[in-house]
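The values are calculated or read from the model by the stated rules, or taken from the named source; none is laboratory data. Computed from a predicted structure; not experimentally measured. Cβ placement follows ideal geometry from the backbone for every residue including glycine, while neighbour counts extend to all protein chains displayed.
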């Protein structure tokens, strides 16, 4: 059997890499610039070190859990490998080197790609084991120099000033880290395909729901839901004064099973008339809508007008919405108020003493049996 020409193999690999890179760019353009779990970022604070940061979790408060990742092939007990044959590889995720950063830190950085969704589960398990003390966080002997000269300085660069150790790092360590980074980049360039995979091929986009982050906000969301439900009941009473007052509904149960929330997000700039289809799980009791309002000057309060297409009744407005620290406005609406069908969502804000329209979205709800 005649062996294949190495040059032909390299050209085929390069073409496949460029195709994956174009697919990633298209998904990024459609998704928008917001950081999501699974994304990889290069940050200016660690630009002098050969390390990237994997977004593992994002909270509504604007804090994100990130984990260091690099192309060093050696692995320790607390590390998760990303093979070259799957999205994001080859990469070594260092679960022992993690911290929380503000979302603005990621927005200032450069998104370099995303790992395959299957990588996030073992990374989260390692983080839980490290927090519980059932996994040793000390680096293996063969990674001690790499940890001391690259990973530890990278983590320290992202810490707040009050948590950083006093004094600059020794110049000897900085020179050694720079020399080691240059050697690794040279080896990757000589390897050809490894360099292309690290620079251009960052797998498919991870569009993971942010429902997990609601665990830490259970009490705040429950209070917000109660206010919104009270406003809806008051609006219904005003619209139908001739009807006798209905008995108040029972107090809503605490948000223990978070799977009963269906999540959907909207971004400004979407063309009017474009309709987003939202698949709602059959067991969902509430629909949690998230509207990104961006860097514009925040309004004093926001409101959402919901109108069902093709129905003479069923329209209502939710007011007194407040923006979150992450420049988003959230609202939870009971599933009973939003049966399957097409809706027009109009977001308005009380800005500068006047109420004005901010964005209009078209959405279609459809029950998903899964």
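Things worth noting here:
- Qualifying residue in the stretch 349-356 (condition: at pLDDT 85 or above and closer than 22 Å to residue 278 by Cβ): no
- Evaluation of residue 77 against (1) outside any strand (DSSP E or B); (2) at pLDDT 90 or above (one fails), failing number: (2)
- From the options 95, 64, residue that is touching a strand residue (DSSP E or B) at 6+ places or on another chain (Cβ under 7 Å), assigned to a strand (DSSP E or B) and farther than 30 Å from residue 331 by Cα: 95
- Residue in the stretch 263-271 that is touching a strand residue (DSSP E or B) at 6+ places or on another chain (Cβ under 8 Å), more than 27 Å from residue 233 (Cα to Cα) and modelled with pLDDT of 85 or more present: no
- Single match in 128, 110 (criterion: assigned by TED's automatic domain parsing to the domain that holds residue 50, loosely packed, with under 14 Cβ neighbours inside 10 Å and either touching a strand residue (DSSP E or B) at 6+ places or on another chain (Cβ under 8 Å) or under 13 Å from residue 82 (Cα atoms) (or both)): 110
- Odd one out for residue 321 among (1) surrounded by 15 or more Cβ atoms within 10 Å (Cβ to Cβ); (2) farther than 16 Å from residue 235 by Cα; (3) free of Cβ contacts under 8 Å to residues at least 24 places away in the same chain: (2)
- The condition (being over 20 Å from residue 33 (Cα atoms) and without any contact (Cβ under 8 Å) to a residue 60 or more places away in the chain) is satisfied by just one residue among 154, 131, 68: 131.
- Candidate set from the stretch 19-55 (those that are part of a helix (DSSP H, G or I) and at pLDDT 70 or above); member that is farthest from residue 153 (Cα to Cα): 44
- Residues of the stretch 324-338 that turn out to be surrounded by 14 or more Cβ atoms within 10 Å (Cβ to Cβ) and more than 22 Å from the chain's Cα centre (by Cα), as a count: 5
- Residue in the stretch 221-230 that is at pLDDT 80 or above, surrounded by 17 or more Cβ atoms within 10 Å (Cβ to Cβ), in contact with a strand residue (DSSP E or B) (Cβ under 6 Å, 6 or more places away or on another chain) and closer than 28 Å to residue 364 by Cβ present: yes
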